[in-house]
Amino acid sequence: MTLDIDFVRAQFPAFSEPSLKGQAFFENAGGSFTCRQVIDRLTRFYHARKVQPYHPFPAAEAAGAEMDEARDRLAALLGVETDELSFGPSTTQNTYVLANAVRCWLTPGEAIVVTNQDHEANSGPWRRLADEGIEVREWRVDSETGSLDPTDLDVLLEDGNVRLVCFPHCSNVVAEINDVTAITALCHAAGAFTVVDGVSYAPHGMPDIGALGPDVYLFSAYKTYGPHQGIMTIRRQFGFELPNQGHFFNADTLYKRFTPAGPDHAQVAASAGIADYYDALAAHHGIAAADPAETATVLHDLMRAHEARIGQPLLDYLSARHDVRLIGPRDASRRAPTVAVDLGRDPAPVARELAQHGIMAGAGSFYSVRPLEALGIEPERGVLRLSFVHYTSEAEIEQLLAALDKVL
């Protein structure tokens, strides 16, 4: 089975937008295009459901039902229980709230582990716990490859004092896919819980979080074709072990324990459109698994296969050049298609020049100051980043390669 790219692109209004005609989008890691199903739900909510939900009148009942539907269906796709999924204004905000709960939970003498491969949203909030007397240990990347070596984590865990390990499923500049299941098993054996930043991975296929095994998994709906919401899954055991961060009268409801502010009703409801999109893909490709998580896994593999097939020529092209440094693995199957390139000079003018050739790309540090420093790259200068997802076409990759030839 191969991904029907024409069907996929037909689900995204951006590809029929006249102002974007001829423009190839390669800054998807900063936020994806939104699928039609999400836009339709958001429009309907603002037209017909924009009332306080859950009251006993039709519009309010419909609004609450759509919010509940979003949680139910996304949790099922991710392989977790419905109440183990919560929404928040962003992944950064969700992480800050979670870190505050952990601050109140840890006791003197206990430690946490963070990495210097992370985007700052899953590093900064945890590092600030050092101000409260918590020991913060750093799992460091290899300065040449940017990879995390699990044997280094073993050393950090060996005294048994670590209670929490925070790491990315993949970095937004290194892009190497970390083995979440193996790392989580290692941490659990040492008595530590795990928090996984999935922001840079989830756009490339919904992970089966239930099978992967982390205690917390965070990602952003606006990077998985949806509205600007952060999504967090948290295992019931860990969620109820941490102190409640919501209103005291919501303490018995897991998905409300880490959302101190009221949810954005319309955006939560519109998130069900992500599940609609997955259903449309599954139906079109003849995928008929009984379990939504199984369906999502098949679609995940279909998306990843397409990304790897069209992405390998880009990796080969950059690897063959002697005037740039490709960050992360050269094998498309081992990485997300978020391709950071050190040009040895300011990448911003190059990104601007690429725009003249119809290439929408980004330049900068992308909040990944720590991994860039570890790799010997000046964050102030940053990198050129070329990121795509499963709706990117082979023709767009060819357009990118032709533009790079002219610009570099």
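The values are calculated or read from the model by the stated rules, or taken from the named source; none is laboratory data. Just so we're clear, the structure is a prediction, and the values are computed from it rather than from any experiment. Glycine also receives a Cβ, built like all others from the backbone with ideal geometry; neighbour counts cover every protein chain displayed. Please note that ligands, DNA and RNA were not included when accessible areas were found on the heavy atoms of the full protein model with its side chains. Shrake-Rupley method; radii C 1.70, N 1.55, O 1.52, S 1.80 Å.
Only residues that are under 15 Å from residue 336 (Cβ atoms) and out of contact with any helix residue (DSSP H, G or I) (no Cβ under 6 Å at 6 or more places or on another chain): list them for the range 178-203, please. Explain how you work it out, then say what you get.
Of the range 178-203, the ones under 15 Å from residue 336 (Cβ atoms) are 178-180, 196-203.
178, 179, 198, 200, 201, 202, listed by residue number.
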Considering the range 280-305 alone, what residues qualify as being farther than 19 Å from residue 395 by Cβ, open to solvent by 20 Å² or more (accessible area, probe 1.4 Å) and in a helix (DSSP H, G or I)?
280, 283, 284, 292, 294, 297, 298, 300, 301, 304
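Conditions tested, residue by residue: (1) assigned to a loop (DSSP other than H, G, I, E, B); (2) free of Cβ contacts under 8 Å to residues at least 40 places away in the same chain; (3) surrounded by fewer than 20 Cβ atoms within 10 Å (Cβ to Cβ).
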| position | (1), (2), (3) |
| --- | --- |
| 103 | no, yes, yes |
| 112 | no, no, no |
| 121 | no, no, no |
| 125 | no, yes, no |
| 129 | no, yes, no |
| 138 | no, yes, yes |
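Just checking, how many residues over the range 38-66 are in a helix (DSSP H, G or I), open to solvent by 20 Å² or more (accessible area, probe 1.4 Å), touching a residue at least 24 places away in the same chain (Cβ under 8 Å) and farther than 30 Å from residue 356 by Cβ?
The initial filter retains those residues of the range 38-66 that are in a helix (DSSP H, G or I), namely 38-48, 58-66.
Filter again for open to solvent by 20 Å² or more (accessible area, probe 1.4 Å), leaving 39-44, 46-48, 58-59, 61-62, 65.
Applying the additional criterion that residues be touching a residue at least 24 places away in the same chain (Cβ under 8 Å) yields 39-42, 46.
Checking the rest, the ones that are also farther than 30 Å from residue 356 by Cβ come to 40-42, 46.
Residues in the range 38-66 being in a helix (DSSP H, G or I), open to solvent by 20 Å² or more (accessible area, probe 1.4 Å), touching a residue at least 24 places away in the same chain (Cβ under 8 Å) and farther than 30 Å from residue 356 by Cβ: 4 in total.
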Give me the pairs: first residue in the range 73-87 and on the phi < 0 side of the Ramachandran plot, second residue open to solvent by 20 Å² or more (accessible area, probe 1.4 Å) and at pLDDT below 95, beta-carbon distance under 6 Å, and six or more apart or on different chains, which are they?
86/259; 87/263
Among the residues of the range 306-319, are any among the hydroxyl-bearing types (Ser, Thr, Tyr) and either open to solvent by 30 Å² or more (accessible area, probe 1.4 Å) or without any contact (Cβ under 8 Å) to a residue 12 or more places away in the chain (or both)?
yes
Among (1) within 21 Å of the chain's Cα centre (by Cα); (2) touching a residue at least 40 places away in the same chain (Cβ under 8 Å); (3) buried (at least 19 other Cβ atoms within 10 Å of the Cβ), there is one condition residue 400 misses while meeting the rest; what is its number?
(1)
Quick one: would you say residue 87 is surrounded by 16 or more Cβ atoms within 10 Å (Cβ to Cβ), assigned by the TED database to the domain that holds residue 368 and out of contact with any Asp or Glu (no Cβ under 6 Å at 6 or more places or on another chain)?
no
Is it the case that some residue within the range 113-134 is at positive phi and at pLDDT 95 or above?
no
